[in-house]
Amino acid sequence: MSAYTGPRTGADRAVLLAHGAGSDHRAPALVAVADALAAAGIPSLRFDYPYRAAGRRAPDRPPVLAQATREAASELARRSGLPLERLVLGGRSMGGRIASVVVADEADPQPALGLLLLGYPLHPAGKPEQRRDGHFVRLDLPVCFVSGTRDSLAPRSELTRAAPKVPGPVTLHWLESADHGYRPLKASGRSIDDVLVEAAETSVTWVQGLAENR
């Protein structure tokens, strides 16, 4: 299942938003970003990976996730009337990671205008030694990381060290007090809605700021 949001014609860029491992295209963070993009006149497409569409909980194998991401990008290109090179790819956690992997594919890199990584999972839960930044060196395009300062899957110090491996322009935006699921500490005085608004506004500003031609 997929959900297209925003104008059908007239836009010069569009955004693909893939979901995290435990969610689907209705994830609050994706909806917040999609709605904010639409308000700014930028179309987006949210989609479900095959395992979610089939009602399964366990994610598909990486090649299946990668192929689904490529197919969703092609669908967004068709529906927005834009070439693949005008699409920003990304999403939440696993979805953003898979988007970055297909863009960095050595044999067949997926064209993209940029990468929007909402809560990038630098390593699996409880396995900090299993780094997921080996492909960063092949990301020769703008990349935006929007992460919580309490994200246990990408501690601020670790992501700050990993991000410079990306040869393209990198933006790091930190959501104060938020964890991997964008949930803030109660003591912060912030609600999850506050965090989602900040993540959405940051995403829109960054997407709008991408150069017309690369």
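Where a number appears in this text, it was derived from the coordinates with a stated rule and is not lab data. Only a predicted model underlies this, so the values are computations on that prediction, with no experimental measurement involved. Here Cβ is always computed from backbone atoms with ideal geometry, including for glycine, and neighbour counts include all displayed protein chains.
Extending 7 Å from the Cα toward the beta-carbon at both Arg131 and Ala58 defines two label points whose distance is 3.0 nm. Within the listed set Arg61, Arg13, Arg26, the residue fluctuating most in the Gaussian network model of the chain (springs between alpha-carbon atoms under 10 angstrom) is Arg61. Given the choices (i) 26; (ii) 17; (iii) 30, percent of Cα pairs over 29 Å apart derived from the coordinates of this structure is entry (ii). Could you work out which residue, out of Gly126, Gly181, Gly96, moves most in a Gaussian network model of the chain, that is, has the largest mean-square fluctuation with Cα springs under 10 Å? Judging by the Gaussian network model, the answer is Gly126.
Under the combined filter of DSSP loop state and at most 15 neighbouring Cβ atoms within 10 Å, segment 59-153 retains these GluC sites (Glu not before Pro): Glu106, Glu129. For the pair segment 164-214 / segment 1-48, the C-alpha centres are spaced 16 Å from each other. Given their separation in residues at 0.36 nm each and the Cα-Cα distance between them, Glu85 and Leu172 gain 29.1 nm when the chain is fully extended.
Of Gly41, Gly91, Gly114, the residue with the greatest mean-square motion in the GNM of the chain, using alpha carbon springs below 10 Å, is Gly41. Taken one residue at a time, the phi angles of segment 32-47 give Karplus couplings (6.51, -1.76, 1.60, θ = phi - 60°) of 4, 5, 4, 5, 5, 5, 4, 4, 8, x, 10, x, 8, 10, 9, 9 Hz. Gly and Pro are set to x.
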